[in-house]
1. Can you tell which of MET1, PHE70, ILE50 lies farthest toward the positive end of the dipole of the chain, using +1 and -1 charges on the Cβ of basic and acidic side chains (Lys, Arg; Asp, Glu)?
2. Between region 72-111 and region 8-22, how many Å separate their Cα centres?
3. Evaluate the relative contact order of the chain (contact order divided by residue number), counting alpha-carbon pairs under 8 angstrom at least 6 apart; express in whole percent.
4. Tell me the trypsin sites (Lys or Arg not before Pro) within region 3-57 that lie in a loop according to DSSP and have at most 12 other beta-carbon atoms within 10 Å.
5. Per residue, what accessible area does the chain have, given a 1.4 Å probe and all protein chains present, in Å²?
6. Please determine, in degrees from 0 to 90 and to the nearest 10, the orientation of helix 15-25 with respect to the longest principal axis defined by the Cα atoms of the chain, where the helix direction is its Cα long axis.
7. With +1 on each Lys and Arg Cβ and -1 on each Asp and Glu Cβ, and nothing else charged, work out how big the dipole of the chain is about its Cα centre, in Debye to the nearest 20.
8. Above 24 Å lies some portion of the pair distances; for the chain, what is it as a whole percent of all C-alpha pairs?
Amino acid sequence: MKKVITFGTFDLFHIGHLNILRRAAALGNELIVGVSTDKLNLSKKNRAPIYCQNSRADIIQSLKFVDEVFFEESLEQKRQYILEHKADILVMGDDWEGRFDEFNDICEVIYLKRTPSISTTEIIEIIKE
């Protein structure tokens, strides 16, 4: 049984999020998703998410191929999260290519191509206009 873990903010849930989560789930038997807390999102993106962490986690948990959701409180704890959840595979979008290779000693690291021409940041900018 292979456990897959991935992380994200998943704000303004869109088809790119759905695609990467579906593809991550297909790599194993169980998909575990770490949703960035509001505090973590503010610190890494210098803006609060549109939807609060509980709403974002509820959206992710409602997907039939997601088995477990937890809150990611710190980027520095990724190794601990992977070990705690006994993940065999870490999946991240290819915009993070190489940034998580340090975890190859505890799991397989796979970077999946992002859905072209879609990003939460771009959606927010379009809405602002």
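1. The residue sitting farthest along the positive end of the dipole is ILE50.
2. 18 Å
3. Working: 198 pairs, mean separation 37.9, N = 129.
Computed value for the chain: 29 percent relative contact order.
4. Numbers: sites: LYS3, ARG22, ARG23, LYS39, LYS44, LYS45, ARG47, ARG56; in loops: ARG47.
Answer in residue order: ARG47.
5. Numbers: 7280 Å² over 129 residues.
Here the residues of the chain average 56 Å² of exposed surface.
6. Here the helix axis deviates by roughly 10 degrees.
7. Values: 17 positive and 21 negative charges, 47 e Å.
Computed charge dipole of the chain: roughly 220 debye.
8. Working: 1868 of 8256 pairs.
Counting pairs separated by more than 24 Å, the tail of P(r) holds 23 percent.
The values are calculated or read from the model by the stated rules, or taken from the named source; none is laboratory data. Small disclaimer: the values here were computed from a predicted structure and weren't measured. Note: ideal-geometry Cβ built from the backbone for every residue, glycine included; neighbour counts use all protein chains shown. Quick note on the areas: whole protein, heavy atoms, side chains included, nothing else; ligands and nucleic acids left out. Shrake-Rupley method; radii C 1.70, N 1.55, O 1.52, S 1.80 Å.
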